Amino acid sequence: MNKTIDKQEIVFDIIKYLTTNDTAVEFNELIKEDSKDLDKLHKLCEKPLRTMPEVEESDYEEIFKTLDKWLFSYYILDDLIDDESISDIKCKDENTITFKRYGKRYKSDLKFKDKQDYERFIRSVATKNKRNLSANEAIQHFSDVTTSPKFRLRFNLTTSVNVNRRPLLHIRKIPKKKYTLEDLVHASPEPMMSEEVKEILKAEYLNGKGMLIVGKGSAGKSTLMNALIEETPKDEDILCIQETDELFINDHPGFYSQAIQESMGEGTIEYTHRDLCTNGLLLDVDRIIIGETKGAEASALFQASHTGYFVMTSLHATSATQAFSKYIENIKLASDYTEESLLRMLAWDYSCIVFLKDFKVKEIAFVKGFDSEKNEVIYDIKRF
C-alpha cells in the first residue's frame with residue numbers, strides 16, 4: 001500500500017465521480033441490496049482510479065475493501081452493530097461515540113479520523129438510506145432492515161439544528177430474531193419478567209379490552225410489544241402502524257404493517273399516524289397497534305378503542321397510573337372531550353397498563369372501573 005494515500009478520501013472521490021458522470025445509473029444499480037456484484041462494481045471503479053496518479057494498482061484491493069465497507073455496511077460502527085449485547089449507538093461528533101449495553105451507557109474508544117471523515121460517514125448513511133441532508137430536512141427518521149443480518153436498524157438523524165454544528169446520529173437495534181415471552185422470562189443477564197407475569201400479560205393480551213405499555217425511552221416497550229403480538233390467534237387480523245419497521249411478526253396471515261410517510265419537501269404527500277389509524281377503522285381488523293403514541297394520533301386510536309377494537313400502544317410515562325394522563329394530553333390535541341369524560345371512557349376501553357423500567361416489568365395496573373365521586377380511575381396495582 002502506498003503510504004501517502006488516504007483511502008477514505010480516495011473512496012469519497014470515487015463515489016463522487018461515479019454518481020456525477022455517465023456511470024451513475026450503472027453504479028446505482030450495482031449498489032442495490034439485492035444486486036451486490038462486487039466484481040462489476042470494482043471494475044467500474046477502476047476508471048476513476050486510473051485518473052489518480054497517487055494511487056498504484058497494488059493499492060486497489062485495500063481501496064476496494066474500504067469502498068465495500070462504506071457502501072454495504074456502517075464503517076467503524078460495524079462491530080457495535082454486530083454486538084448482540086448493545087441496544088443503542090449514538091454518534092455526537094468525530095470523537096464521541098457512545099453505546100448502551102443492558103440499559104447502561106458507555107463511551108466507546110472508537111473515533112472517526114477527523115471532522116471531514118465523520119461528515120462523509122453521515123452523508124454515506126443518508127445516501128445509503130435514500131435520504132437528503134438539506135437544511136429543510138434537519139430531523140429525519142428511517143430504518144434499514146437489510147444491512148445487518150441480526151438487527152433491524154432504526155435511525156434518528158439531526159443535522160443543522162445541533163448547537164455544536166455536528167450531525168447527531170442515533171441507531172436503535174431491533175433483533176431480527178424476535179424475543180418470545182418465554183425468552184423474556186429467561187433473558188440474560190436479567191429477565192424482563194417472571195413466569196407468573198408472563199402468564200398475566202399473555203392472558204391480558206388475548207382476553208383483555210386493551211393494553212398500554214409505558215416507560216421511558218429504551219425501557220423495553222417495543223421488545224415486549226413484539227413478543228405479545230406473536231401470541232395473536234391466526235384467525236384474527238392485526239393492523240400495526242409505526243414510524244419505522246420495528247414491530248413485526250414471524251408468521252401470521254392477518255398481520256398488516258403500515259408506516260407513516262413524512263413530508264420530504266414541498267408538495268410531498270404525507271400520511272400520519274392519525275391518517276393511517278383513521279383509515280384502519282375501515283379495514284375490518286380485530287386489533288390495532290400503534291408502535292408509539294405521542295401526538296394527535298391518540299384521538300383516532302381512542303376512537304378505535306371506544307368502538308370495540310382491541311388496541312395496544314406505547315407511551316412515555318413514569319408509572320402505570322400516569323399513563324392515562326399522558327394519553328389524555330395527546331387526545332385533547334385533536335378533540336374537545338373533557339378530561340373527566342376521557343378518563344371515564346378510557347377506564348372502560350383499557351383493562352391493563354404495563355410499566356417497564358430498565359428492561360424489566362415493574363408494575364401492572366389492572367383497570368377496575370371509574371369512581372365518579374372522586375373523578376378517578378380505580379386500579380388494582382401489582383408491583384414487581
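Considering only the range 185-211, how many residues are in contact (Cβ under 8 Å) with a residue 12 or more places away in the chain and of a type in the set (Ser, Thr, Tyr)? Counting residues in the range 185-211 that are in contact (Cβ under 8 Å) with a residue 12 or more places away in the chain and of a type in the set (Ser, Thr, Tyr) gives 2. Contact map, the range 333-346: residues that are within 19 Å of residue 309 (Cβ to Cβ) and touching a residue at least 60 places away in the same chain (Cβ under 8 Å) paired with residues that are in a helix (DSSP H, G or I) and small (Gly, Ala, Ser), Cβ distance under 6 Å, separation 6+ or inter-chain. Pairs shown: 334/299.
Residue 314 meets the conditions (1) in a loop (DSSP other than H, G, I, E, B); (2) touching a Lys or Arg at 6+ places or on another chain (Cβ under 8 Å); (3) hydroxyl-bearing (Ser, Thr, Tyr) in every case but one. The failed one is (1). Residues that are out of contact with any helix residue (DSSP H, G or I) (no Cβ under 8 Å at 6 or more places or on another chain) and assigned to a strand (DSSP E or B) within the range 78-136 comprise 87, 88, 90, 92, 96, 98, 100, 101, 104, 105, 106, 107, listed in sequence order. In summary, residue 116 fulfils each of the numbered conditions (1) over 21 Å from residue 171 (Cα atoms); (2) free of Cβ contacts under 8 Å to residues at least 24 places away in the same chain with the single exception of condition (1).
Yes/no matrix, rows are residues, columns are (1) under 20 Å from the mean Cα position of the chain (by Cα); (2) modelled with pLDDT of 90 or more; (3) of a type in the set (A, V, I, L, M); (4) crowded, with 17+ Cβ neighbours inside 10 Å:
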site: 115; (1), (2), (3), (4): no, yes, no, no
site: 126; (1), (2), (3), (4): yes, no, yes, yes
site: 140; (1), (2), (3), (4): yes, no, no, yes
site: 156; (1), (2), (3), (4): yes, yes, no, no
site: 160; (1), (2), (3), (4): no, no, no, no
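Step by step: first the residues of the range 298-334, then only those that are over 24 Å from residue 220 (Cα atoms), surrounded by 16 or more Cβ atoms within 10 Å (Cβ to Cβ) and polar (S, T, N, Q), then the one that is farthest from the chain's Cα centre (by Cα). Which residue is that? So, considering only residues that are over 24 Å from residue 220 (Cα atoms), surrounded by 16 or more Cβ atoms within 10 Å (Cβ to Cβ) and polar (S, T, N, Q), the one farthest from the chain's Cα centre (by Cα) is 303. If I ask for residues that are closer than 30 Å to residue 192 by Cβ and surrounded by fewer than 20 Cβ atoms within 10 Å (Cβ to Cβ), which ones from the range 364-375 would you list? Matches in the range 364-375: 366, 368, 369. Could you tell me whether any residue of the range 168-190 is part of a loop (DSSP other than H, G, I, E, B) and buried (at least 19 other Cβ atoms within 10 Å of the Cβ)? No - not one qualifying residue is present in the range 168-190.
The values are calculated or read from the model by the stated rules, or taken from the named source; none is laboratory data. In this text, all values refer to a predicted model and were calculated from it rather than measured experimentally. All Cβ positions, glycine included, derive from the backbone under ideal geometry; neighbour counts span all protein chains shown.
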